[in-house]
Each structure stands twice: as structure tokens, then as C-alpha cells.
Amino acid sequence: MSNTASELPLYEVFIRSKNGLHHKHVGSLHASDDEMALTNARDVYTRRSEGVSIWVVKTDNVVASQPEDKASFYDPNDDKMYRHPTFYNIPDEVGHM
Amino acid sequence: MVSPVTDDREEIALNEAFQAKVDAELKIEPKDWMPEGYRRTLIRQMSQHAHSEVVGMLPEGNWLTRAPSLKRKGVLMAKIQDEGGHGLYLYSAAETLGISRDEMYEQLHTGKAKYSSIFNYPTLNWADVGAIGWLVDGAAITNQIALCRCSYGPYARAMVKVCKEESFHQRQGYEIMMVMAEGTKEQKAMAQDALNRWWWPALMMFGPHDSESTHSTQNMKWKIKRTSNDELRQRFIDATVPQAEYLDLTIPDDKLKWNEEKQSYDWGEIDWDEFANVVAGNGLCNRERLQTRRDAHDGGKWVRDAALAYAEKRKKRAAKQAA
């Protein structure tokens, strides 16, 4: 479907809106190199001081899980209820724990 | 990757699971299975939305050098830059559906993809810039607020970001109209003239009547569309009429009248022949807008080529130094 031969490479953009918060994916953009990706990300995604830190990552370098593998991929953890605090019966008189 | 679905029953099951997810208000994300029609509709709608943002820069761009003060130039520049940004959010969201940026540009430049007809009208006087912000951005916001709840995650998220920024566009436009309407007799006449020319095209932005709208039912079911064309149009009219009254300007519709029972306005009828004609490419500025876009894209080619060549050179130099 896609003919991307002459396109500038695609980058994913992540922004930390303020210190204390995680970087969060905000979208993507095309740029010729890392430096242009960073300055373009600033112009496209932070025109109103939306961020204090930007990460740009070439989309090709993102490794992602597949939605259709969801069951088999996450299953192994679903039956380990003993990882949750509610699995354990502690008498009320012990107090908050 | 998903293997090609050869079994009809499997396809039906996938479709049902998809619809159940949509009905449960769960968002669809790029790699999730989706019906081909859903993907096609979104690609069409999102790319045309992106094209509209980009072409939308042109009527206002004409006024950058002629804006009446440094403040207005700065404001207009910021607004136009936002429109470009909105186009970029939308293009990148559309790319998650498997269409490339180049394909979308190609569709715009060859006339295969449409953009909002409103941008095929000329901006004749400075009050037009005010009327565009007030009415065109106002209509766009009405549409886009509804799209913030679209079932496709990347589109909905882009819309949230766009809506946050559009409010400034409408307010700066209304402020221009306020200043003009309170100015000299001539200035007020210019404001009225701009309202006269932009009112009906702004109402056309909501598209055909629900009874004429071909894709509406399926798009509502898929929750790509959340509110009908006529409902959104009425919402816009009800919000805008009092704003015109405040400006002491007259909306060019002699059938416009408050309906106490409905608690909303009755109004006349759109000239649908004009709408069809502009969509078909015969508006006042269709050819000029498209040519400007093509020239901009072709004119920028050497910049893109140079940037890629520079990136390549730096990569080679780094590899040499490492060796």
C-alpha cells in the first residue's frame, strides 16, 4: 500500500509535560535526521509550553507487541492471584496492612 | 501479523467482536483488527481533514503582509502556524492506518482527495480574516468537539489537541469583528460584507442534510461520526446568532427566527447547487488553491533532498570516524 521510498523517515514523539511525570507519546512526524526530528517536534507539539523534555525515536526502532497475541502474551500472569494483596486473609483485628 | 482471512465465518466473528468493542465505547488502536470499510472511511476522512487544515492556511496567508498592525500580523502568523500543526497531527494519525504521507499528498495534488470547500472562497477584505476565525473556525470547532469522541484512538486524541488550540482562533476572529463593527461606518460595512459572504459557506461546512448524507448511518454505527450534520449545524447557528446580535450585524437570512417551542432558531435553506458546484471544483479559488499547494510542494523538494543528503553525509562521516 505504502510507497515511502522518497519520504523523510518517520519518528515517534514523546513529551514530558512537567518534571515528575512520565514522557508520553503524542504523535509522530517526518524528519531527515535526529536533530531535525527534535526541532520539528518542538515546533509541532510544543507551541504552548506543553513540555519540558522531548524524546524522538525512529519508528523503525520501536518494537511493539501485537494485539492479536494479547491472550497468549499476557496469559501467564493472569492466573497468579497470589500477586495481589486481596489474595491473603488477614483478620480485621490486625488493623490496616 | 494477521493472516489473510479466508474463512467467512472468521471474518464475521471478527466483525462482531469489533462492533461489540465499539458499542462498549472501547477505542480502536492502530494495530487492532478493523473492517476494511472502517479503515478506508477513516483514511478518507482524516486525510481530507488534514488537507483542509493545510489548504486552510492559504486564504489567511494572503493577509499576512497586509494585516493592519504588528499585533495582528503576529496573531495571524500564530494561527496559520497552528493550522499547519493541525494538518501534521492529522497526517500522522492517518499514517497509523497504513497510508503514507506521500500518497496523501499525491491524492491532494491530483485532486483525488477533497478538502473543505470553504477554502475555495476568496478573502476580499480584512474583515474576512475576522469572519473566518469567528465563523469558519467556529463551525470547525463544533464539528471537531464531536470528533473528540470518535472510536479511532489516534483521531480522537488528535482532535482533543486541535480543539484546545482552536478556541484562540475563534476568539481572535471575533475580536477583529468587534473592532471593525465598532469602528467607522465604512469599517462596519466591511464587517457586514464579510458576514454576508461567509455565513452560508460556513453552514455548508457541516455537509449535506442527514436525509442526503450517504455514509452517515454506517459511520454512526462505527462511532466515527457521533452527531449528525443537521444537529451540528443547528448547534452552530444557535450559538452564533446571539454573537452576531452583539456585534449589531445582520445575518443574511430573512427566514432566521427564534422558535420558542424548539428553543432554537428556524432558518432558511442553503444553496445546494452552489455547494455541489464548489465541491466539483468550480469555486472561485479551487484551481488557485491547488496550484499554490503543488508549487509549495515542488518548491520544497530541493530542501527535502538537501536535508536527506546532509543526513546521509553525516552518517557516513560518523561511520568513517568510528572505523
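The values are calculated or read from the model by the stated rules, or taken from the named source; none is laboratory data. What you see is a predicted model; the values in this text were computed from it and never measured. Using ideal geometry, Cβ is built from the backbone for each residue, glycine included, and neighbour counts are taken over all protein chains shown. To get the accessible areas, we keep the full protein, side chains included, count just its heavy atoms, and leave off ligands, DNA and RNA. Shrake-Rupley method; radii C 1.70, N 1.55, O 1.52, S 1.80 Å.
Before moving on, here are some points about what is shown:
- Only helices enter the 222 nm calculation for chain B: every DSSP H run of n ≥ 4 contributes -39,500 (n - 2.57), and dividing by all residues gives -21000 deg cm²/dmol, rounded to 500.
- Kirkwood hydrodynamic radius over Cα pairs of the stretch B:1-160, then Stokes diffusion coefficient at 25 °C and 0.890 mPa s, in µm²/s: 139
- Semi-axis lengths, largest first, of the ellipsoid equivalent to the stretch B:168-323 are 44, 24, 18 Å, with √(5λ) applied to each eigenvalue of the Cα gyration tensor.
- Shielding of B:28-36 by partner chains, average beta-carbon count, 10 Å: 2
- For the stretch B:43-120, a Kirkwood radius taken over Cα pairs fed into Stokes-Einstein (37 °C, viscosity 0.692 mPa s) yields D = 250 µm²/s.
- Cubic angstrom per residue, convex hull over Cα atoms of the stretch B:84-139: 105
- For the protein assembly as shown, Kirkwood radius (reciprocal of mean inverse C-alpha pair distance, Å): 24.4
- Our estimate of slack between B:Lys112 and B:Arg9, defined as 0.36 nm per intervening residue step minus the Cα-Cα distance, is 33.6 nm.
- Among the GluC sites (Glu not before Pro) found in the stretch B:1-73, those both in a DSSP coil and sparsely packed, with 11 or fewer other Cβ atoms within 10 Å of their Cβ, are B:Glu25.
- Stretchable slack from B:Glu274 to B:Glu288, in nm (0.36 nm times residue separation minus alpha-carbon distance): 3.2 nm
- Across B:Lys161/B:Lys221; B:Lys225/B:Lys262; B:Lys114/B:Lys255; A:Lys58/B:Lys301; B:Lys114/B:Lys161; B:Lys161/B:Lys257, pairs whose alpha-carbon gap is larger than 27 Å: B:Lys114/B:Lys255; B:Lys161/B:Lys257
- Sorting the segments B:62-73, B:226-237, B:87-98, A:51-62 by their residues' average number of neighbouring beta-carbon atoms within 10 angstrom, most packed first, yields B:87-98, B:226-237, A:51-62, B:62-73.
- The residues neighbouring B:Val162, those whose beta-carbon lies less than 11 Å from its own, together hold a net charge of -3 under the Lys/Arg +1, Asp/Glu -1 convention.
- Tilt relative to chain A, helix A:34-45 - C-alpha long axis, 0 to 90 degrees, to 10: 80
- Interchain or long-range residues, amide H under 5 Å from A:Gly27's placed H: A:Val13
- Out-of-range pairs (alpha-carbon distance over 29 Å; input A:Lys24/B:Lys223; A:Lys24/B:Lys71; B:Lys164/B:Lys185): A:Lys24/B:Lys71; B:Lys164/B:Lys185
- Chymotrypsin sites (Phe, Trp or Tyr not before Pro) restricted to the stretch A:63-97 and DSSP loop, no more than 13 other C-beta within 10 Å: A:Tyr88
- Mean projection of the Cα convex hull over all viewing directions, computed for the stretch B:117-236: 7.7 nm².
- For the stretch A:1-67 versus the stretch B:246-323, the gap between their alpha-carbon centres in whole angstrom: 24
- Within 10 Å of each Cβ in A:23-34, the average number of Cβ atoms from other chains: 5
- Along principal axes, Cα extents of chain A, largest first, whole Å: 67, 36, 16
- Summary of the geometry: the stretch B:42-95 and the stretch B:105-179, compared by the centres of their Cα atoms, lie 8 Å apart.
- Value of D in µm² per second that Stokes-Einstein yields for chain B, Kirkwood Rh from Cα pairs, at 25 °C (0.890 mPa s): 113
- Percent accessible area from carbon and sulfur atoms, the stretch A:10-90, protein chains only, probe 1.4 Å: 54
- Relative contact order, whole percent, for chain B stands at 18, derived from Cα pairs under 8 Å and 6 or more residues apart.
- Cβ-based charge dipole, chain B, positive-most Cα from B:Gly173, B:Ser69, B:Ala307: B:Ala307
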